[in-house]
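The values are calculated or read from the model by the stated rules, or taken from the named source; none is laboratory data. The structure displayed is predicted, hence computed values, not measured ones. We place every Cβ from the backbone using ideal geometry, glycine too, and count neighbours over all the protein chains shown.
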Amino acid sequence: MGRDGDAARAELTVRARGLAARFKGRLALDGFDLDVAPGEIVGLLGPNGAGKTTALRLLATGRRPDAGSLELFGATVRRSVGPSVRRNIGIAGDEPVHAAALTGWENALGFAMAAGLPRALAETRVGALLDRFGLSPDAHRPVSDYSLGMRRKLLLLEALVHEPALLILDEPTGALDVQARALLGDVLKERVRAEVAVVLATNDLAEAERLCDRVVFLHAGRTVLEGRPAELISRLGGRTRFEFTLAAARAPDIRVSGVEIALATAAKLVAHAINGSSPLPALCEAIQRTGAAIEAVVVRRPGLDDVFLEATGRELAS
């Protein structure tokens, strides 16, 4: 965070140290550290099973860690969590959970009041957010009639309605259309300007690069890398990424001048150009000489998936 000592510590919304948690007998999270300041968006990235959702549940006080310490809003989280802490957290999990027989309005209003809002204020805020998320025409239909995207919007509305100081979002843009994704980005920017801290887990790398001030890469329950997206990507030196989809009996073993092979399997080869080279024809020729068939090739600038690949030797989607 660039600040040390008690003053910096008091400014943090989230301070986690050495968090560990087991899931089905294995360590789903192992020694997780995280600092999040007010007005900051931090993204948790990693392949499925890396520990992202477990980390969010611990930060949301939905379960207790098996080891480590957690401070929220400058206070240590003990075994029992008071309502004042919980009401200061807005949570949108990876799966919408609503009373399907109730309407969107009833679900949202009930949540707002449970979060401590007086009825009149709850009605005002719910109505405004239903309008903003485009749910007003369907507000009085049962949630059982809602599409997955509509349920996701309702879940986000419920996380936002009581204006918490900490937002915890798991795959927040899943099932959302392009317009709703853009709207969520605008809403988060507004909340950040109001000094709200945001922690989100996502597999959408473009979203992470666009929204997050910092990203934390998790792998097998451990943090392997963290930093600002642009700075992490810049470390790759602008190397062009070549991603081949292959049909091969085995991983091709090739050597091409001006090329670094980042990943090679029978189904996929990822290479980076170094020293400003333009090696696509030579790469294609080298792959074909091994007997592999090239089914597709994508050429693009390096991104956060390349950052993870360089740090771990594994694909982020694996």
Options R132, R152: the member that is in contact (Cβ under 8 Å) with a residue 24 or more places away in the chain, in the same structural domain as A197 (by TED's automatic domain parsing), surrounded by fewer than 19 Cβ atoms within 10 Å (Cβ to Cβ) and among the basic types (K, R): R132
Inspect the range 74-86 for any residue being within 16 Å of A159 (Cβ to Cβ) and more than 19 Å from the chain's Cα centre (by Cα) and give the result as yes or no. yes
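Here is a yes/no grid of residues against (1) buried (at least 18 other Cβ atoms within 10 Å of the Cβ); (2) not in a loop (DSSP other than H, G, I, E, B); (3) not assigned by TED's automatic domain parsing to the domain that holds T223:
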{"residue": "A16", "(1), (2), (3)": "yes, yes, no"}
{"residue": "F32", "(1), (2), (3)": "yes, yes, no"}
{"residue": "L44", "(1), (2), (3)": "yes, yes, no"}
{"residue": "L70", "(1), (2), (3)": "yes, yes, no"}
{"residue": "P96", "(1), (2), (3)": "yes, no, no"}
{"residue": "A101", "(1), (2), (3)": "no, no, no"}
Given the conditions (1) within 25 Å of I41 (Cα to Cα); (2) free of Cβ contacts under 8 Å to residues at least 40 places away in the same chain; (3) of a type outside the set (A, V, I, L, M); (4) out of contact with any strand residue (DSSP E or B) (no Cβ under 7 Å at 6 or more places or on another chain), which single one is not true for P96? (2)
Just checking, does the range 111-129 include any residue being of a type outside the set (D, E, K, R), under 24 Å from the mean Cα position of the chain (by Cα) and assigned to a loop (DSSP other than H, G, I, E, B)? no
Kindly list the number of the only condition in (1) closer than 19 Å to E163 by Cα; (2) assigned to a loop (DSSP other than H, G, I, E, B); (3) touching a Lys or Arg at 6+ places or on another chain (Cβ under 8 Å) that fails for E195. (3)
Flagged pairs (Cβ under 8 angstrom, 6 or more apart or on separate chains; first in the range 275-293, surrounded by 12 or more Cβ atoms within 10 Å (Cβ to Cβ); second at pLDDT below 95 and of a type in the set (S, T, Y)) are S277/S257; P279/S257; A282/S257
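For the range 211-219, does any single residue satisfy the condition of being under 30 Å from A67 (Cβ atoms) and of a type in the set (D, E)? Walk me through it before giving the result.
Within the range 211-219, the subset under 30 Å from A67 (Cβ atoms) is 212-219.
Now narrow it down to the ones that are of a type in the set (D, E): 213.
Looking for residues that are under 30 Å from A67 (Cβ atoms) and of a type in the set (D, E), one finds at least one in the range 211-219, hence yes.
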May I ask you to verify whether L70 is under 23 Å from F217 (Cβ atoms) and in contact (Cβ under 8 Å) with a residue 60 or more places away in the chain? no
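For (1) of a type in the set (G, A, S); (2) at pLDDT 90 or above; (3) closer than 23 Å to L188 by Cα; (4) within 25 Å of the chain's Cα centre (by Cα), each residue gets a yes or a no:
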| residue | (1), (2), (3), (4) |
| --- | --- |
| E40 | no, yes, yes, yes |
| N88 | no, yes, yes, yes |
| E95 | no, no, yes, yes |
| G104 | yes, yes, yes, no |
Examine the range 258-271 for a residue that is surrounded by fewer than 17 Cβ atoms within 10 Å (Cβ to Cβ), over 28 Å from E209 (Cβ atoms) and not assigned by TED's automatic domain parsing to the domain that holds L44, and state whether such a residue exists. yes
So which residues in the range 196-247 are surrounded by fewer than 16 Cβ atoms within 10 Å (Cβ to Cβ), more than 23 Å from D35 (Cβ to Cβ) and modelled with pLDDT of 95 or more, if there are any at all? T245, A247
Please go through (1) free of Cβ contacts under 8 Å to residues at least 40 places away in the same chain; (2) in contact with a Lys or Arg (Cβ under 9 Å, 6 or more places away or on another chain) for T103 and return the number of the only condition it doesn't satisfy. (1)
